[in-house]
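> Input: one structure, supplied below.
Derivation of every value follows stated rules applied to the coordinates shown; laboratory data play no part. Given the structure is predicted, the values throughout are model-derived calculations rather than measurements. Backbone-built Cβ (ideal geometry, glycine too); neighbour counts: all protein chains shown.
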Amino acid sequence: MDDPIGGHPTRGEQLDILVTAAEAVLRPGDTLLDLGCGTGYLAHLLFQRREDVAFVGIDRKGESLEAARERFGVTHGDRARFVEGDLSKIGALEIAGGPFKVIATALTFHDLDDRDKHSVIAWAAERLAPGGALLVYDRVRLTTPATFAMQQAIWQRIERIHGRGMRTADSFVAYEADLSQSNRPARLDDYSRWFADLGLEHQILHLHGNVALITAAKGEETP
């Protein structure tokens, strides 16, 4: 299966890191829940490496889910399940099969406003199994004009090394002007506050350019 967003130059490496991190938590019989699964590329990566776990994907696009069901229904049966749902209306979404040991989302959160991001994280925290982890892979919002030239240099290096670039801008003002209703990355400080409010311990696992993989862990139950 080809990556449907294959033009992103560092996505392949970071998704491999995401699955590697998930594997460290998943045990035989566990389920990974993917928020914004698209056509199931994360399921494809997971099933290449683990035949002893299950996958549930949520997406708001029915056509993407149909493509995923056609792709995985024959080969993986009931180990792969795909559910239609809108993350901006997460309170109305009920998913059977939890609690989940890993909940992941890849390049989806920047489509949500900050209130919805917080709501999705709170919803996920309630559905994490003890000892489980939330993995958020997304762009993070740049906030410091004084360091923007260094960020531009990193973007230029990525383009030089990989032959294609990430999102860029001629200036910090131009970068901010490019943010829109469909491009609203959160700040790292926002994620830290949201996780702390929910009692989740968090860590940045990987950061390249301004695209981060962040994990938040739910503590084990105490006797």
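> Please build a GNM for the chain, connecting alpha carbons under 10 Å apart, and tell me which residue among Pro145, Pro130, Pro185 fluctuates the most.
Checking each option, the largest mean-square fluctuation is seen for Pro145.
> Now a separate question. Fewest first, what order do Glu94, Glu13 take by the number of other Cβ atoms within 10 Å?
Listing Glu94, Glu13 from fewest to most nearby Cβ atoms yields Glu94, Glu13.
> Place a +1 charge on the Cβ of each Lys and Arg in segment 36-148 and a -1 charge on the Cβ of each Asp and Glu, then give the dipole magnitude about the Cα centre in debye, rounded to the nearest 20.
Magnitude of the dipole: close to 280 debye.
> For labels at Gln156 and Gln181 in the simple 7 Å Cα→Cβ model, what's the distance in nm?
Roughly 3.6 nm, to one decimal.
> Take Thr143, Thr39, Thr168 and order them by how many other Cβ atoms sit within 10 Å, fewest up front.
In increasing order of surrounding Cβ atoms, one gets Thr143, Thr168, Thr39.
> Separate question: Compute the distance in nm between two label points, each set 7 Å from the Cα along the Cα-to-Cβ direction, one at Asp190 and one at Ala24.
Calculated label separation equals 2.6 nm.
> In deg cm²/dmol and to the nearest 500, what is the mean residue ellipticity at 222 nm of the chain if only DSSP H runs of at least 4 residues count, each as -39500 (n - 2.57), divided by the residue total?
-12000 deg cm²/dmol
> Right, next: Amide H to amide H, which residues 5 or more places from His206 or on other chains are under 5 Å from it, using H placed in the peptide plane?
Those qualifying (amide H under 5 Å, at least 5 residues apart or on another chain) are Leu213.
> Given a 10 angstrom Cα cut-off, can you work out which residue in His206, His162, His110 is the most mobile in a GNM of the chain?
Its mean-square fluctuation being the largest, the pick is His162.
> Multiply the residue separation of Glu94 and Met1 by 0.36 nm, subtract the distance between their alpha-carbon atoms, and state the gained length in nm to one decimal.
Extra length available between Glu94 and Met1 comes to 30.6 nm.
> By count of other Cβ within 10 Å, fewest leading, how are Asp59, Asp114, Asp2 ordered?
By the 10 Å Cβ count, ascending, the order reads Asp2, Asp114, Asp59.
> If you don't mind, there's one more thing I want to ask. Sequence neighbours fewer than 8 away in the same chain don't count; with that in mind, list the aspartates and glutamates whose C-alpha is under 12 Å from Lys101.
Excluding near neighbours in sequence, the set is Glu23, Asp30, Asp34, Glu126, Glu220.
> Hey, what do the phi angles of segment 65-78 turn into as Karplus ³J(HN,Hα) couplings, whole Hz, using 6.51/-1.76/1.60 and θ = phi - 60°, x for Gly and Pro?
5, 4, 4, 5, 5, 5, 6, 9, x, 6, 7, 10, x, 7
> May I ask you to derive the relative contact order of the chain, considering only C-alpha pairs under 8 Å and at least 6 residues apart, and to give it as an integer percent?
With pairs under 8 Å counted, the relative contact order is 21 percent.
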